[in-house]
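The values are calculated or read from the model by the stated rules, or taken from the named source; none is laboratory data. Because the structure is predicted, anything quoted here is derived from the model rather than measured. Methodologically, a virtual Cβ is constructed for each residue, glycine included, from the backbone with ideal geometry; neighbour enumeration extends over all protein chains shown. Surface areas here come from the heavy atoms of the whole protein model, side chains and all, with no ligands, DNA or RNA. Shrake-Rupley method; radii C 1.70, N 1.55, O 1.52, S 1.80 Å.
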Amino acid sequence: MKQQVTPFLTFQENNAEQAMNFYISLFENSGIIEVQRYGNDGPGKEGTIMKAIFELNGKEFICSDSFIKHHWNFTPAISNWVECRNETELVDLFSKLAENGKVMMPLDDYGFSEKFGWIADQFGISWQLNLS
């Protein structure tokens, strides 16, 4: 098996499945590949995600619901960069990701891009959206 680097998203509010389903609804060529759940014998809450593998437009991600409450959460220092094909796609994606999230840089021309925006979504995952 060849070595591969895959982003791993650790959720602490038992919302990994909700986030995963939200993300795959936003991008073409996306879907759930595999889901492993905690059983009634733990250590996580029964039915929550022990490990799930999913794809966003062909890029593989892994997520889980952590049964351990960490003293950290997601940070915008690590973000997902999305090259949008047109302004309609950019605005639509920005709007959906910003709902119940935090806009860190509103859509604008910042000099390095025709149009760019940066958001932390409702789950705390950071997204940089660029019009290529």
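One line per residue, one yes/no per condition, for (1) open to solvent by less than 20 Å² (accessible area, probe 1.4 Å); (2) in contact (Cβ under 8 Å) with a residue 12 or more places away in the chain; (3) farther than 20 Å from N21 by Cβ:
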residue: E83; (1), (2), (3): no, yes, yes
residue: E99; (1), (2), (3): no, yes, no
residue: S113; (1), (2), (3): yes, yes, yes
residue: F116; (1), (2), (3): yes, yes, yes
residue: S126; (1), (2), (3): yes, yes, no
residue: L131; (1), (2), (3): yes, yes, yes
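Does E34 satisfy the criteria of being in contact with a strand residue (DSSP E or B) (Cβ under 8 Å, 6 or more places away or on another chain) and either polar (S, T, N, Q) or surrounded by fewer than 13 Cβ atoms within 10 Å (Cβ to Cβ) (or both)? Against the criterion (in contact with a strand residue (DSSP E or B) (Cβ under 8 Å, 6 or more places away or on another chain) and either polar (S, T, N, Q) or surrounded by fewer than 13 Cβ atoms within 10 Å (Cβ to Cβ) (or both)), E34 qualifies.
Of the residues making up segment 85-97, those that are in contact (Cβ under 8 Å) with a residue 12 or more places away in the chain and either out of contact with any helix residue (DSSP H, G or I) (no Cβ under 8 Å at 6 or more places or on another chain) or surrounded by fewer than 17 Cβ atoms within 10 Å (Cβ to Cβ) (or both) are R85, N86, E87, L90, V91, F94, K96.
Which members of segment 1-57 meet the condition of being free of Cβ contacts under 8 Å to residues at least 40 places away in the same chain, in contact with an Asp or Glu (Cβ under 8 Å, 6 or more places away or on another chain) and among the hydroxyl-bearing types (S, T, Y)? Of everything in segment 1-57, those that are free of Cβ contacts under 8 Å to residues at least 40 places away in the same chain, in contact with an Asp or Glu (Cβ under 8 Å, 6 or more places away or on another chain) and among the hydroxyl-bearing types (S, T, Y) turn out to be S30, Y38, T48.
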